[in-house]
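Colleague: Following this message is one structure expressed as structure tokens.
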Amino acid sequence: ELLAHHLLMKERQVVRLRERTTALPQAKGLGKALLQRLGFELTGAQKRCLREMFADLDRNQPMMRLVQGDVGSGKTILAAFAAIRAAEHGAQTAIMAPTEILAEQHYMNFSEWLSPLGIEVCLLTGRLSAGDRLPAARRPGLSHHDGER
């Protein structure tokens, strides 16, 4: 069983190495603008993680990265920097959360961090109708749509 699992994982790794995507190199410097506006300095581990993540985004291979850490360790701000990099290239970013409360907290943080940079932020929840979700999903970049009219 272990040998079969190992061989399967190696095969998947080879397939992943052949996949291509659009590289997302630094474009407008919005990440630096966020860093200046944060009001706190990133930890050494956060900086290291950002460097690794940005190196992945600079490549034309899909990034496959798991960031794990305790509550309050800075995973959300790392996701914000990745979202900025995507927005600089006109792409959308989706941040998924296991609960609506956490999604709302992320929405508030991302709005505070990204809106001043000209990046619109959107909150889509399971309680929204498909009709309310569709307009937000079609907008370029990140956009704001909370289902309220």
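Colleague: What number of residues within segment 29-39 satisfy the criterion of being in contact with a Leu (Cβ under 9 Å, 6 or more places away or on another chain) and either of a type outside the set (A, V, I, L, M) or without any contact (Cβ under 8 Å) to a residue 60 or more places away in the chain (or both)? Quick ask: steps written out before the conclusion?
Modeller: Residues of segment 29-39 that are in contact with a Leu (Cβ under 9 Å, 6 or more places away or on another chain), as a first pass: 30-31, 33-35, 37.
Now narrow it down to the ones that are either of a type outside the set (A, V, I, L, M) or without any contact (Cβ under 8 Å) to a residue 60 or more places away in the chain (or both): 31, 35, 37.
So the count comes out to 3.
Colleague: Any chance you could count how many residues in segment 71-94 are touching a Leu at 6+ places or on another chain (Cβ under 9 Å) and either among the basic types (K, R) or assigned to a helix (DSSP H, G or I) (or both)? Walk me through it before giving the result.
Modeller: Looking only at segment 71-94, we keep the residues that are touching a Leu at 6+ places or on another chain (Cβ under 9 Å), and these are 74, 77-78, 80-89, 91-94.
Those left that are additionally either among the basic types (K, R) or assigned to a helix (DSSP H, G or I) (or both): 77-78, 80-88.
Summing the residues that are touching a Leu at 6+ places or on another chain (Cβ under 9 Å) and either among the basic types (K, R) or assigned to a helix (DSSP H, G or I) (or both) in segment 71-94 gives 11.
Colleague: Would you point out the residue of segment 21-70, among those that are assigned to a loop (DSSP other than H, G, I, E, B) and of a type in the set (D, E), that is surrounded by the fewest Cβ atoms within 10 Å (Cβ to Cβ)? Walk me through it before giving the result.
Modeller: First, pick out the residues of segment 21-70 that are assigned to a loop (DSSP other than H, G, I, E, B): 21-29, 38-43, 59-70.
Then drop every residue that is not of a type in the set (D, E), which leaves 41, 70.
Numbers: E41: 9, D70: 7.
Filtering first and then ranking leaves D70.
Colleague: Could you look through segment 5-48, keep only residues that are touching a helix residue (DSSP H, G or I) at 6+ places or on another chain (Cβ under 8 Å) and of a type outside the set (A, V, I, L, M), and pick out the one that is nearest to I84 (Cα to Cα)? Steps first, answer last, please.
Modeller: Kept after step one, since they are touching a helix residue (DSSP H, G or I) at 6+ places or on another chain (Cβ under 8 Å), are these residues of segment 5-48: 23-28, 30-31, 33-34, 37-38, 42, 46.
Among the residues that remain, those that are also of a type outside the set (A, V, I, L, M) are: 25-26, 28, 31, 37, 46.
Values: P25: 11, Q26: 9, K28: 10, G31: 6, R37: 14, Q46: 16 Å.
My answer is G31.
Colleague: Still on this structure: For segment 110-134, enumerate the residues that are over 28 Å from P25 (Cβ atoms) and open to solvent by less than 40 Å² (accessible area, probe 1.4 Å).
Modeller: If the condition is that a residue be over 28 Å from P25 (Cβ atoms) and open to solvent by less than 40 Å² (accessible area, probe 1.4 Å), then L123, T125, L128, D132 are the ones that fit.
Colleague: Right, another one. Pull up segment 71-109, narrow it to residues that are open to solvent by 30 Å² or more (accessible area, probe 1.4 Å) and in contact with a Gly (Cβ under 8 Å, 6 or more places away or on another chain), then point me to the one that is nearest to L42 (Cα to Cα).
Modeller: Across segment 71-109, the extreme among qualifying residues is K75.
Colleague: Okay, moving on. Kindly provide the set of residues from segment 23-41 that are at pLDDT 85 or above and among the polar types (S, T, N, Q), ordered by number.
Modeller: Hit for segment 23-41 is Q36, nothing else.
Colleague: When you look at L57, is it free of Cβ contacts under 8 Å to residues at least 24 places away in the same chain, over 15 Å from L35 (Cα atoms) and not charged (D, E, K, R), yes or no? Walk me through it before giving the result.
Modeller: On the way: free of Cβ contacts under 8 Å to residues at least 24 places away in the same chain: no; over 15 Å from L35 (Cα atoms): yes; not charged (D, E, K, R): yes.
No; evaluated as a whole, the condition is false for this residue.
Colleague: Right, something else. Which residues, counting only those in segment 95-130, are among the charged types (D, E, K, R), under 17 Å from the mean Cα position of the chain (by Cα) and assigned to a helix (DSSP H, G or I)? Give the derivation first.
Modeller: Here is the first cut: in segment 95-130, the ones among the charged types (D, E, K, R) are 100, 104, 112, 120, 127.
Checking which are under 17 Å from the mean Cα position of the chain (by Cα) leaves us with 104, 112, 120.
Of everything in segment 95-130, those that are among the charged types (D, E, K, R), under 17 Å from the mean Cα position of the chain (by Cα) and assigned to a helix (DSSP H, G or I) turn out to be E104, E112.
The values are calculated or read from the model by the stated rules, or taken from the named source; none is laboratory data. These figures come from a predicted structure and were not determined experimentally. Backbone-built Cβ (ideal geometry, glycine too); neighbour counts: all protein chains shown. For the accessible areas, the whole protein counts, side chains as well, though only heavy atoms, and no ligand, DNA or RNA atoms are used. Shrake-Rupley method; radii C 1.70, N 1.55, O 1.52, S 1.80 Å.
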